[in-house]
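Quick notes on the structure that follows.
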Amino acid sequence: MRSRGVRLQYSFEPEDQRGADLHNPLFELLSAVRDSGSIQHAATALGASYRHVWGSLKRWEDTLGEPLVHWVRGQPARLTPFAERLLWAEARARARLTPHIEALRAELERVLAEALDGSQQVLTVHASHDLALPLLREHASRSERLHVDLRFSGSLDALRDLAEGRCLVAGFHVPPLAEASNPFARGLKPLLRPGRHKLIGCTRRTQGLIVAPGNPLALRSLADVAAAGVRFVPRQPGSGTRLLTDHLVASQHLPAAPFAARGVAEDSHNAVAAAVASGEGDAGLGVEAAAAAFGLDFVPLVTEDYFLVCLKDALDHPGVAKLRAVLASAAWREALAALPGYTPAPHAGEVLPLTRALPWWHYRTAKPSPARPPEPVSSTA
């Protein structure tokens, strides 16, 4: 078998060229041929000549040692089974790796920012995967000269990192629950302490079923997923979405087996969407923005709050003050409105007591005084 290798590289670009670009010319070419059914139309879509596209395909076939396109004059061009598998495998790998590549990119950006300007504030945030947080990071950098060193992990892992001093701010999400006994209470209570931890309002988002275009299996609920023997794409243990799945399954008295991991448990919303888009699964729980990014349908199930949390002493940190100012700004609300399934939290940027933000939190004894009202957002560092 021919030896093949993969090389990754990065570059420093002007400020308006931020982001993690994981695209590759081969997969752009294969996507264009698949979508157009014609090498000529693929060339037009790519802004290239027919000769260039045909030559590129032949060079890639020589490199990989496998045919990529079935093509007969007068008939539509079709990808070979190998090319189809390669295209979808790359899409799923890219979705899985994007949060980790983003973390590496943020670290390199932090190093560059510190080297260029030691006065720029840096704030380390470990958070449950969310599609709004990279957007928040960009706004913080532009409007407040705040570099947010963002790293994604499960909700519980993010809170453990906060407890162990690996980050200054953590992010997690919860649905509106009133009952004291639920997976979120059991998972979060050991990691949060009233008086010690302070929540900051961030966003409100919708989670639901990510399904194939047109929803061919007519899935409208988790009960449909269980009843139809659907291939469900699960999230990793410790993630907030996995807790949400467990909660919904238990509260609706559904069997747990259809929602258990049969193979790889995905660690992001985009990875779930990629699995559905590739045909590896029929449905998974995730945010609407991830479904939209992959051209999939979405069945809303629950609206939840996404919170940021820090230790009480960290509220005085200049980076935390700047982050709160961004969350309370009109510019952030406007940007968030363009992200499907997201709205600003009712008290975005405000500091909230645990017992106010989490209705299922109960003290063993009554508090001697009422909870403090939300603290005002500071406009200065």
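Scan region 154-180 for residues that are open to solvent by 30 Å² or more (accessible area, probe 1.4 Å) and closer than 18 Å to ARG242 by Cα and the total you get is 3.
Can you say whether ASP149 is acidic (Asp, Glu), crowded, with 22+ Cβ neighbours inside 10 Å and touching a strand residue (DSSP E or B) at 6+ places or on another chain (Cβ under 7 Å), as far as the supplied structure shows? Considered against the rule, which asks whether it is acidic (Asp, Glu), crowded, with 22+ Cβ neighbours inside 10 Å and touching a strand residue (DSSP E or B) at 6+ places or on another chain (Cβ under 7 Å), ASP149 comes out as no.
When restricted to residues that are among the aliphatic types (A, V, I, L, M) and within 16 Å of the chain's Cα centre (by Cα), region 192-242 contains 3.
Within region 280-292, residues that are within 7 Å of LEU209 (Cα to Cα) reach partners that are modelled with pLDDT of 95 or more and part of a loop (DSSP other than H, G, I, E, B) with beta carbons closer than 6 Å, at six or more positions or on different chains, in the pairs ALA283/LEU219. Cβ separations smaller than 9 Å between residues 6+ apart or across chains give the following pairs from region 252-272 residues that are farther than 23 Å from ALA227 by Cα and open to solvent by 20 Å² or more (accessible area, probe 1.4 Å) to residues that are part of a loop (DSSP other than H, G, I, E, B) and of a type outside the set (Val, Ile, Thr): ASP267/HIS129; ASP267/GLY154; ASP267/GLN236; ASP267/SER239; ASN270/HIS129; ASN270/LEU131; ASN270/PHE294.
Criterion first (over 26 Å from ALA292 (Cβ atoms), within 19 Å of the chain's Cα centre (by Cα) and small (Gly, Ala, Ser)) does ALA163 satisfy it?
So ALA163 does not fit the description; no.
Given the structure, is ARG137 part of a helix (DSSP H, G or I) and modelled with pLDDT under 90? It is false that ARG137 is part of a helix (DSSP H, G or I) and modelled with pLDDT under 90.
Taking helices (runs of 4 or more DSSP H) as the structural unit, those lying wholly within region 156-275 and holding at least 3 residues that are in contact with a Gly (Cβ under 8 Å, 6 or more places away or on another chain) and either at pLDDT 95 or above or not aromatic (Phe, Trp, Tyr) (or both) correspond to 240-251.
Among the residues making up region 197-244, a single one is of a type in the set (Val, Ile, Thr), open to solvent by 10 Å² or more (accessible area, probe 1.4 Å) and within 27 Å of HIS347 (Cα to Cα): THR206.
All told, VAL299 falls short of being part of a helix (DSSP H, G or I) and either in contact with a Gly (Cβ under 6 Å, 6 or more places away or on another chain) or open to solvent by less than 20 Å² (accessible area, probe 1.4 Å) (or both). Scanning region 276-296 for residues that are out of contact with any Gly (no Cβ under 8 Å at 6 or more places or on another chain) and in a strand (DSSP E or B), we see that the one that is surrounded by the most Cβ atoms within 10 Å (Cβ to Cβ) is GLY284. Consider HIS41 carefully, then state whether it is free of Cβ contacts under 8 Å to residues at least 12 places away in the same chain, surrounded by 13 or more Cβ atoms within 10 Å (Cβ to Cβ) and closer than 20 Å to GLY279 by Cβ. No.
The values are calculated or read from the model by the stated rules, or taken from the named source; none is laboratory data. Only a predicted model underlies this, so the values are computations on that prediction, with no experimental measurement involved. Cβ coordinates were reconstructed from backbone atoms using ideal geometry, including for glycine residues, and neighbour counts include every protein chain displayed. Remember, those area values only see protein heavy atoms, side chains included, never the ligands or the DNA or RNA. Shrake-Rupley method; radii C 1.70, N 1.55, O 1.52, S 1.80 Å.
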